[in-house]
Amino acid sequence: MSSKDDEYDYLFKVVLIGDSGVGKSNLLSRFTRNEFNLESKSTIGVEFATRSMKVDGKTIKAQIWDTAGQERYRAITAAYYRGAVGALLVYDIAKHLTYENVERWLRELRDHADQNIVIMLVGNKSDLRHLRAVTTEEAKTFAERNGLSFIETSALDSTNVDMAFQNILSEIYRIVSQKQIRDPPEGDTIRPQNYVSSVVSNTVLVIIEQLFNHRFCIYSSDFCTIHQWLFVLFINL
Amino acid sequence: MNMDKDNGHDKTSFWKKNARTVPGRPSPKKDVKPTSKTKQTGSTSFHDFQASVSDAWEIDDDDDDFCIISGLENTKISKKVSQSAAINVLNSHRNFSDVVMPEKPISTINPSTSDAPESLRCSRIPGRPQQMRCRNTPQDEDSESKLKRFENYLSNAPTLQGLCELSWSGVPVKVRPIVWRLLSGYLPMNLERRNNVLERKRQDYWSLVNKYYYADHDENDRDIKHQINIDVPRMNPTVPLFQQKTVQAIFERILFIWSIRHPASGYVQGINDLVTPFYVVFLQEYIPNNQSFETFMVDTLSEDELKIIEADSFWCLSKFLDGIQDNYVFAQIGIQKKVHQLEELITRVDETLHRHLRSHNVSYLQFSFRWLNNLLTRELPLRCTIRLWDTYLAESDNFASFQLYVSAAFLLYWKEDLMRQNDFQGLLILLQNLPTQVWSSSQISLLVAEAYKMKYMFADAPNHLQSNRFDS
């Protein structure tokens, strides 16, 4: 979380969404600061934190936006979906209602986020075994049917928290890097589906934006990747 | 955005006026059978009738009092008074800050630094920097002479205008409960009517609770209650006072009743934080000297005392929020408007800072939304919030716009620290965790003085707030 760890290969913006009280803020604090508060105050609007992770030898910096769960805030929080390449859609395994509302959150993403955003369904509070109201199988089936990846976490005892972020970042990275391999510069004019290209161009925009902000930290190797990225961006436009 | 127009808008008492013709709280339940559900608790049938009509509160004559007294001509703080106060505060702060607040090394400002002192550690959690420790060291507003002035003033046919002027720069703890009741328009200035009004209002609150809180709820009401029940227990997790079931139940009732009386907004997360200052101020009236409210066991108070604290907190909160209702309606237009105004204002007052933020893609919404939604309660220690609200309450109807200038002053206060941050991440993390834990009322006095200066310069010269600079 220090602003010194600014050397990274990719920067991915990820949003945390889901009903009020499912533990979004604690997932964020567990992941970025390894902290947990049994009772943490409600999030007002949005809050922000970052952490870098290694994926395939590359440093991925995750810029994570934690949002308020109450419906009233959606008009405000939707503004933060712009440019997000990943979303962790969180519910509480001990509160069935928060799971039922997942569909509403998916609609929310469909309406406001990039259509190719990578979404991971996260069943949080897996430590509350005796209170479980949503079975793993049920959620897993739902996730498969909707093309989401799925994981159960516990921000309280740290189970799978890093894994959840690692997985979604890897998935985003895979799409980005596959895109670079599959689309060589002199590439075919018929590109695979926009699925990849749009995510990549979105990512690249964020990356370029950030690299310009961090121009003092750019090393020579970055310059050649910038060229590649710019090119990818160019052919995607 | 034309500030003058906005002020004018506020001053025409938009909410009040509407409340008269369109009460804004038309509860069908209330209107259909006004008396059938009301328990006959020995009160007069007129009282029952009054309690059951939706806008009974608005026709109360003490409200009229409030409207008239806080009308256009009277709420303005005398410029001379406030300005000289502002200059005094600025000077004393300058001296104070030389001694006590030396320039902070970056390490204490950047909350991520590992050697940050323990007291700063909690600042690392966004939106949770609030340390509620109320120091026992006397604050500026608690000087003997100031208390004397208040006591003299209050005992001698006070006027609201006079009380506003006196309170603007801070209210002594000892008289704060009564002064807040007066300033918020809950308690009439007229001494003879006070007891009557208090008694009736407190009764009114409890009949509302009996009628609505324990009634069957429709889906919307259940949603509200559910959200309140999620938020209240986690308001101040480190303060024992707020872990007591009795206290949590009090907050839940206040918030629920407020919500059903304000259907246009309903309960919005963050409003719960706005009850806290009122509750603590009114509770302190009953806490023996020098005992900290944080660990106080409210169950040691009598039921009547608890009821009084709760009802008074409710009414003062209601009056207080009247001026900023549009902050909480759908899409929170009031806040969006103020965020925009804040940006315009900073562009004019400090273009360097504005450019710095913009060049790193920091948008004002990202950090100032919470400031405005929670009236800085998440950014300041409670003792400072309470001191800040002395001024807000003294601004009465103008506080909605004054809040904007305070936010601007708050941002500018951190300019140096912000200018040192040279990326988006650093800026945002700092802005979410501004190190105010050591603040006392002197910083707040400085803040409101700066805010007043800005308001004086810009609100009274509305063209300053128009974006003509960009048009050329």
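Within the set B:Q248, B:Q243, B:Q291, the sole residue that is surrounded by fewer than 20 Cβ atoms within 10 Å (Cβ to Cβ), over 28 Å from B:L372 (Cα atoms) and of a type outside the set (D, E, K, R) turns out to be B:Q291.
Can we say A:V55 is at pLDDT 95 or above and away from chain B (no Cβ under 11 Å)? No, not satisfied.
Taking the conditions (1) more than 13 Å from chain A (Cβ to nearest Cβ); (2) touching a Gly at 6+ places or on another chain (Cβ under 8 Å); (3) open to solvent by less than 10 Å² (accessible area, probe 1.4 Å); (4) not β-branched (V, I, T) in turn, B:L317 satisfies each one other than (2).
Does A:G21 meet the test of being surrounded by fewer than 19 Cβ atoms within 10 Å (Cβ to Cβ) and of a type in the set (G, A, S)?
On the way: surrounded by fewer than 19 Cβ atoms within 10 Å (Cβ to Cβ): no; of a type in the set (G, A, S): yes.
It is false that A:G21 is surrounded by fewer than 19 Cβ atoms within 10 Å (Cβ to Cβ) and of a type in the set (G, A, S).
Taken together, the residues in the range B:258-299 that are in contact (Cβ under 8 Å) with a residue 60 or more places away in the chain and among the hydroxyl-bearing types (S, T, Y) amount to 3. Evaluate the following for A:L88: is it under 13 Å from the mean Cα position of the chain (by Cα), more than 9 Å from chain B (Cβ to nearest Cβ) and within 22 Å of A:S29 (Cα to Cα)? So A:L88 passes the test. All conditions in (1) in contact with a His (Cβ under 7 Å, 6 or more places away or on another chain); (2) charged (D, E, K, R); (3) open to solvent by less than 10 Å² (accessible area, probe 1.4 Å) hold for B:R348, with the sole exception of (3).
Out of A:T67, A:T50, one residue alone is among the hydroxyl-bearing types (S, T, Y), open to solvent by less than 20 Å² (accessible area, probe 1.4 Å) and at the interface with chain B (Cβ under 7 Å from one of its Cβ atoms). It is A:T50. Looking at (1) over 13 Å from A:Y91 (Cβ atoms); (2) open to solvent by 50 Å² or more (accessible area, probe 1.4 Å); (3) over 15 Å from the mean Cα position of the chain (by Cα), can you tell me which one A:T135 breaks? Exception for A:T135: condition (1).
Kindly evaluate B:E379 against the criterion of being within 20 Å of the chain's Cα centre (by Cα), over 30 Å from B:Q421 (Cα atoms), buried (at least 20 other Cβ atoms within 10 Å of the Cβ) and of a type outside the set (A, V, I, L, M, F, W, C).
Details: within 20 Å of the chain's Cα centre (by Cα): yes; over 30 Å from B:Q421 (Cα atoms): no; buried (at least 20 other Cβ atoms within 10 Å of the Cβ): yes; of a type outside the set (A, V, I, L, M, F, W, C): yes.
In short, no.
Scanning the range A:1-17 for residues that are open to solvent by less than 10 Å² (accessible area, probe 1.4 Å) and within 13 Å of chain B (Cβ to nearest Cβ), we see that the one that is modelled with the highest pLDDT is A:L16.
Going through (1) open to solvent by 20 Å² or more (accessible area, probe 1.4 Å); (2) under 23 Å from the mean Cα position of the chain (by Cα); (3) of a type in the set (A, V, I, L, M, F, W, C) one by one, B:V275 falls short only on (1). Being surrounded by 21 or more Cβ atoms within 10 Å (Cβ to Cβ), farther than 23 Å from B:F458 by Cβ and among the aliphatic types (A, V, I, L, M) holds for only one residue in B:L427, B:L404, B:L393, B:L411, and it is B:L427. Residues of the range A:139-155 that are farther than 10 Å from A:I93 by Cβ and either of a type outside the set (S, T, N, Q) or touching a residue at least 12 places away in the same chain (Cβ under 8 Å) (or both): A:K140, A:F142, A:A143, A:E144, A:R145, A:N146, A:G147, A:L148, A:S149, A:F150, A:I151, A:A155. Among the residues making up the range A:36-47, those that are open to solvent by 20 Å² or more (accessible area, probe 1.4 Å) and facing chain B (nearest Cβ under 8 Å) are A:N37, A:L38, A:E39.
Evaluate the range B:353-360: report whether one residue or more is in contact (Cβ under 8 Å) with a residue 24 or more places away in the chain, more than 14 Å from every other protein chain (Cβ to nearest Cβ) and of a type outside the set (S, T, N, Q).
Yes, because at least one residue in the range B:353-360 is in contact (Cβ under 8 Å) with a residue 24 or more places away in the chain, more than 14 Å from every other protein chain (Cβ to nearest Cβ) and of a type outside the set (S, T, N, Q).
Reported count of residues in the range B:394-422, each being within 14 Å of chain A (Cβ to nearest Cβ) and at pLDDT below 95, is 1. Scanning the range B:320-338 for residues that are open to solvent by 30 Å² or more (accessible area, probe 1.4 Å) and within 14 Å of chain A (Cβ to nearest Cβ) yields a count of 5. Residues in the range B:193-219 that are aromatic (F, W, Y) and open to solvent by 20 Å² or more (accessible area, probe 1.4 Å) were compared, and the one that is nearest to B:F282 (Cα to Cα) is B:W206.
For the range B:409-436, taking the residues that are in a helix (DSSP H, G or I) and among the acidic types (D, E), the one that is farthest from A:I64 (Cα to Cα) is identified as B:E416. Of everything listed in (1) open to solvent by less than 10 Å² (accessible area, probe 1.4 Å); (2) modelled with pLDDT under 95; (3) more than 30 Å from B:G334 (Cβ to Cβ); (4) not basic (K, R), the single unmet condition for A:N116 is (1).
Assess whether B:I224 counts as being modelled with pLDDT under 95, crowded, with 16+ Cβ neighbours inside 10 Å and within 25 Å of the chain's Cα centre (by Cα). Spell out how you get there, then give the answer.
On the way: modelled with pLDDT under 95: yes; crowded, with 16+ Cβ neighbours inside 10 Å: yes; within 25 Å of the chain's Cα centre (by Cα): yes.
Yes: the conditions hold for B:I224.
Go over the candidates A:R33, A:R72 one by one and state the one that is touching a residue at least 24 places away in the same chain (Cβ under 8 Å) and surrounded by fewer than 24 Cβ atoms within 10 Å (Cβ to Cβ).
On the way: A:R72 fails: touching a residue at least 24 places away in the same chain (Cβ under 8 Å).
Matching residue, one of A:R33, A:R72: A:R33.
In summary, B:D312 fulfils each of the numbered conditions (1) at pLDDT 95 or above; (2) of a type in the set (D, E); (3) open to solvent by 10 Å² or more (accessible area, probe 1.4 Å) with the single exception of condition (3). Are any of the residues in the range B:178-188 in contact (Cβ under 8 Å) with a residue 40 or more places away in the chain, farther than 25 Å from B:Y328 by Cβ and surrounded by fewer than 19 Cβ atoms within 10 Å (Cβ to Cβ)? For the range B:178-188, residues in contact (Cβ under 8 Å) with a residue 40 or more places away in the chain, farther than 25 Å from B:Y328 by Cβ and surrounded by fewer than 19 Cβ atoms within 10 Å (Cβ to Cβ): absent.
Residue by residue through the range A:22-35, note down the ones that are within 11 Å of chain B (Cβ to nearest Cβ), outside any helix (DSSP H, G or I) and under 18 Å from A:G123 (Cα atoms). Passing the criteria: only A:V22.
The values are calculated or read from the model by the stated rules, or taken from the named source; none is laboratory data. Worth saying up front: this structure is predicted, and the values here are computed from it rather than measured. Counting neighbours? That spans all protein chains shown, and the Cβs are built from the backbone with ideal geometry, glycine included. Only protein heavy atoms, including side chains, enter the accessible area calculation; ligands, DNA and RNA are left aside. Shrake-Rupley method; radii C 1.70, N 1.55, O 1.52, S 1.80 Å.
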